[in-house]
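The values are calculated or read from the model by the stated rules, or taken from the named source; none is laboratory data. Just so it is clear, the structure is predicted and the values come from calculations on it, not from any experiment. Cβ atoms come from the backbone with ideal geometry, glycine included; neighbour counts cover every protein chain shown. Just the protein is used for accessible areas: all its heavy atoms, side chains included, with ligands, DNA and RNA removed. Shrake-Rupley method; radii C 1.70, N 1.55, O 1.52, S 1.80 Å.
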Amino acid sequence: MSYADQVFIENCKDILANGVWDTDQEVRPRWEDGTAAHTIKKFGIVNRYDLTKEFPVITIRRCAFKSCLDELLWIWQKKSNRVADLNSHIWDSWVDENGTIGKAYGYQLGIKHKYREGEFDQVDRILYDLKHNPASRRILSNIYNHHDLYEMELYPCAYSLTLNVSGNKLNGILNQRSQDMLTANNWNVCQYAALLCMFAQVSGFVPGELVHVIADAHIYDRHVPMLEKLLTREPYPAPVFWMDETIEDFYRFTRDSFRLENYRYHEFSEKIPVAV
């Protein structure tokens, strides 16, 4: 089976068996009908994915790989907060009157900051350090900007990426404050695995290990029956990840620069409700 399936199944079974429900608390998220969206959760889940072995995509249901990459490029390449710049509707529930998600995600990555070496935004600073200071232990991004939280339609969930070069390998730690396991877990894992591969290629390294740290890993009440069905499925082997090896400029990657070859997955036709 795909290693990503193994990790996802183990995480979800652990949450369902040993997690804590928040039904005794007032919660912010609501379902479309206005009902409070409660969750069962585990605190402090840490998963490790060795990208030298396989790409971490699940097969017990399909990962919408192109849409997942499109959002990644919207945030990290376009550094945009405009929903019209995105080729999907995943952010429609959080769009403001200006057609943006406020000062969140890509907006934060695009803010320029002054350093001794010059002025960079967070993405270009990462690219600069990978080229000029690969031994640095300060190569990271952080978009959880308290100064701007009141102008964000949704506080960042995946908020920090720390990169570290070990020999010829580029490793990364993704820090996430909150994770909707059914809706977004493998989506985020695939995104940041691809991002790590992109940074590695344009900087002359090979992708190593992605470590995913989740502070609050939860399953929503209305997702439990769907998830229980998924967990009974027999996973397929992981597909082969392909990335255009001719690209040397981070800003030249497109969603068509990647594909999953021989990707077998189980069909999943149920519409997953999203709590807002």
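Here are the numbers for the structure shown:
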| read-out | value |
| --- | --- |
| Accessible surface of region 39-104, 1.4 Å probe, proportion on carbon and sulfur as whole % | 46 percent |
| Relative contact order for region 11-103, counting Cα pairs under 8 Å that sit 6 or more residues apart, in percent | 16 percent |
| Whole-Hz ³J(HN,Hα) from phi, Karplus 6.51 cos²θ - 1.76 cosθ + 1.60, for region 9-26, glycine and proline x | 4, 4, 4, 5, 4, 5, 4, 5, 7, 10, x, 10, 7, 9, 5, 8, 10, 7 |
| Highest-fluctuation residue, 73, 161, 230 considered, GNM on the chain with Cα pairs under 10 Å | 230 |
| Amide hydrogen neighbours beyond the local backbone of residue 139, cut-off 5 Å, H modeled | 163 |
| Estimated dipole of region 10-127 in Debye, rounded to 20 [Cβ of Lys and Arg +1, of Asp and Glu -1, Cα centre] | 400 debye |
| Region 89-200: radius of gyration and largest Cα-Cα distance (Dmax), Å | 15.2, 48 |
| Candidate residues 93, 67: accessible-area rank, largest first, probe 1.4 Å | 93, 67 |
| Percent of beta bridges antiparallel (DSSP, the chain, rounded to nearest 5) | 75 percent |
| Kirkwood-Stokes translational diffusion coefficient of region 73-135, alpha-carbon pairs, 4 °C, 1.567 mPa s, µm²/s | 101 µm²/s |
| Cut-off 12 Å (backbone N to label point 7 Å along Cα→Cβ of residue 16), residues of region 25-44 | none |
| Segment residue 93-residue 137, length gained on full extension (0.36 nm per residue, minus Cα span) | 12.1 nm |
| Potential extension, residue 66-residue 228 segment - 0.36 nm per residue separation minus Cα distance | 55.7 nm |
| Structure-based [θ]222 nm, the chain - -39500 (n - 2.57) summed over DSSP H runs of at least 4, per residue, nearest 500 | -8000 deg cm²/dmol |
| Added length on full extension, which subtracts the Cα-Cα distance from 0.36 nm per residue, residue 146 to residue 266 | 39.1 nm |
| Whole-angstrom Cα spans of the chain along principal axes, big to small | 51, 43, 32 |
| Cβ charges +1 (Lys, Arg) and -1 (Asp, Glu), total dipole of the chain, debye | 600 debye |
| Accessible surface, per residue, of the chain when the full set of protein chains is kept, probe 1.4 Å, Å² | 50 Å² |
| Accessible surface of region 187-264 [probe 1.4 Å, protein heavy atoms]: carbon and sulfur percent | 48 percent |
